[in-house]
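One structure below.
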Amino acid sequence: MTSLTTPPDCQEEDWLCESVLDATGNDWLAAAADWLIAKPAAIALIVIVALVVRWLVYKLIGRLVRRAAIGVVPVIGQGTLSEPDDEAARLTARVADQRRRQRAETLGTVLRSVTSVTILAVVVVMGLAEFDVNVGPLIAGAGILGIALGFGAQSLVSDFLSGIFMLFEDQYGIGDVVDVGDATGTIEAVTLRVTRLRDIDGTVWYVRNGQIMRVGNMSQNWARAVLDVNVAYNESLDKVRRVLKELCHDLWLHPDFRAKVMEEPEVWGVERLDPDAVVVRVAIKTVPLEQWEVARDLRARIFARFRDEGIEIPLPQRVVWHRESDAAKSQSRGPGGVDAEAGAGG
């Protein structure tokens, strides 16, 4: 009995096709076995390996993020901050640590996204190769297409480059409150192409990185709450300054604000002379994202204390001049320029 030769459907060293052919003697089953068993198994193996590689890379990125989040806090010399120095130094160190963590988490998110896209592209190419698709022209065509897209989609390239520089320069991170011109809000996600932030009304904004011309970060390292207090012109400025300094000192010593206020608040003095009020400015240096709460509490304290001290908070006033027209004046006067009322009385 002569042995069967490998049919044209079975490639060289295709053991599964040859085994099915030897067992069944059916060319169709031998050829179909490769498509129904071998190739799906190879693709499944590729997917499993890709998932394992992705998990390992994610673990490595997580470790790098944790190491990047732990840094050495610079020692703050005595006397650089308002007393008590030890509390202010600890507060500054805590703010710096929180900033490092935000930056590390943002970079970790972007690295995970890049890793997922890269592994997915490799899996697709290897999967096509398993179905005997010549991936060489595909890769070359992808390169040419990439060049064409680079010229045709310059805004997309600009978005990616801007996103890379924003991340490495630490212009903002997840959790920061920023003003990017078109929108102001809290950063929820940062990718290489777009930045997603939510404003105070709850609206989610998607801003392309290439369109961000300037960034105002309100939560980097420290913040400052600036209050303009209006007082009446007839009030004593010395008394107003004394009351404001007492309120600021009480706020600085209050236990609820020791973790929020970095330095003792300052009364800067008269800022403006408005038509209906004298404007006195107060400044408070706080940890990031706490300036609004501290300012609201201090406004409430100022209102209550001014009411107890009898210091007037002026309301808008307007002076109205009433002038009679020439016709009205002539009607009110009698013959010879004498007032009609006066002539009648005479």
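Residue by residue through segment 231-240, note down the ones that are under 13 Å from Val267 (Cα atoms) and not acidic (Asp, Glu).
Leu237, Lys239, Val240 - these are the residues of segment 231-240 that are under 13 Å from Val267 (Cα atoms) and not acidic (Asp, Glu).
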- Looking at (1) under 30 Å from Val110 (Cα atoms); (2) exposed (fewer than 15 other Cβ atoms within 10 Å of the Cβ); (3) touching a Pro at 6+ places or on another chain (Cβ under 7 Å), can you tell me which one Arg214 breaks? (3)
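What is the residue count in segment 207-266 for residues that are of a type in the set (A, V, I, L, M) and under 28 Å from the mean Cα position of the chain (by Cα)?
So the answer is 12.
Tell me yes or no: at least one residue of segment 252-274 is in the same structural domain as Pro288 (by TED's automatic domain parsing), assigned to a helix (DSSP H, G or I) and within 18 Å of Asp308 (Cβ to Cβ).
No - not one qualifying residue is present in segment 252-274.
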- Filtering segment 183-226 down to residues that are touching a residue at least 40 places away in the same chain (Cβ under 8 Å), part of a loop (DSSP other than H, G, I, E, B) and over 22 Å from Arg100 (Cα atoms) yields Ile212
- The condition from (1) free of Cβ contacts under 8 Å to residues at least 40 places away in the same chain; (2) assigned to a helix (DSSP H, G or I) that Cys248 misses is numbered (1)
- Item | Checking Glu312 against (1) over 37 Å from the mean Cα position of the chain (by Cα); (2) among the acidic types (Asp, Glu); (3) exposed (fewer than 13 other Cβ atoms within 10 Å of the Cβ), the condition it does not meet | (3)
- Task: Name every residue in segment 155-178 that is polar (S, T, N, Q), more than 14 Å from Thr191 (Cβ to Cβ) and at pLDDT 75 or above, in order of residue number.
- Result: Ser158, Gln171
- Go through segment 123-154 and give me each residue that's among the β-branched types (Val, Ile, Thr) and either within 24 Å of Thr195 (Cα to Cα) or modelled with pLDDT under 80 (or both). Val133, Val135, Ile139, Ile144, Ile147
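The values are calculated or read from the model by the stated rules, or taken from the named source; none is laboratory data. All figures in this text were calculated on a predicted structure; none of them were measured in a lab. Heads up, the Cβs are rebuilt from the backbone with ideal geometry, glycines too, and the neighbour counts pull from every protein chain shown.
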